[in-house]
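Inspection log for the structure reproduced underneath, given as structure tokens.
The values are calculated or read from the model by the stated rules, or taken from the named source; none is laboratory data. Keep in mind it's a predicted model, so treat the numbers as computed, not measured. Cβ placement follows ideal geometry from the backbone for every residue including glycine, while neighbour counts extend to all protein chains displayed. The area values use the complete protein model at the heavy-atom level, side chains included, leaving out ligands, DNA and RNA. Shrake-Rupley method; radii C 1.70, N 1.55, O 1.52, S 1.80 Å.
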Amino acid sequence: MYCSECGFHQSEAHKYCGRCGALLIVENQGTGEITGPLAVSDEEAASGAWKGPALDGPTLAVRSGGPAGATFPLDRETVTIGREPSADVFLDDVTVSRNHAVITTGPAGASLRDLGSLNGTYVNRRRIEGDEVLEDGDELQIGKFRLTFLLG
């Protein structure tokens, strides 16, 4: 089996890539369901070829670094992001701080704020300082995870 993130060859006994730490794609026995990183190239994302899942309101969709097709609805005024199991958006990896970031939504839209994380928070590959207003299609990078902000 090859990692869809970096191409490193792994035995099928591994769940995560030994080189980059990405969750490896595995076909679940008998169901045909595929789990693993959402394989979306930067070209597909930039061209709009990736349409993403059907949504009802603002949502974060995992592009890479986590389970394929995972979505996190932003259905509250404040949504916490981090490695803390009680976080609204739980990202289970050591590259993510326990209390990494927060998204606040209101009549004026949605904004993202880093909570002093060690690795920082990025929007469209730029490290943010303070509050960053989010727009439809923005790419967030939190640790090894790349998520797309979708208005829905």
Seminar exercise, completed: Charge tally for neighbours of Arg83 with beta carbon under 10 Å away, counting Lys, Arg as +1 and Asp, Glu as -1, is -2
Seminar exercise, completed: Order by accessible surface, 1.4 Å probe, largest leading, for residues Thr71, Thr59, Thr105 comes to Thr71, Thr105, Thr59
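Using only the heavy atoms of the protein chains and a 1.4 Å probe, how would Asp75, Asp93 rank by accessible area, largest first?
On the way: Asp75 115, Asp93 30 Å².
The ranking, largest first, comes out as Asp75, Asp93.
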Exercise. Rounded to whole Å and sorted largest first, what semi-axes of the equivalent ellipsoid does the C-alpha gyration tensor of the stretch 92-144 yield via the square root of 5 times each eigenvalue?
Worked result: 19, 12, 10
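What net charge is computed for the residues neighbouring Leu147, neighbours being all others with C-beta under 10 Å from the C-beta of Leu147, Lys and Arg scored +1, Asp and Glu -1? Could the numbers behind the result be given before it?
Details: positive: Arg63, Arg146; negative: Asp138, Glu139.
Net of charged neighbours comes to 0.
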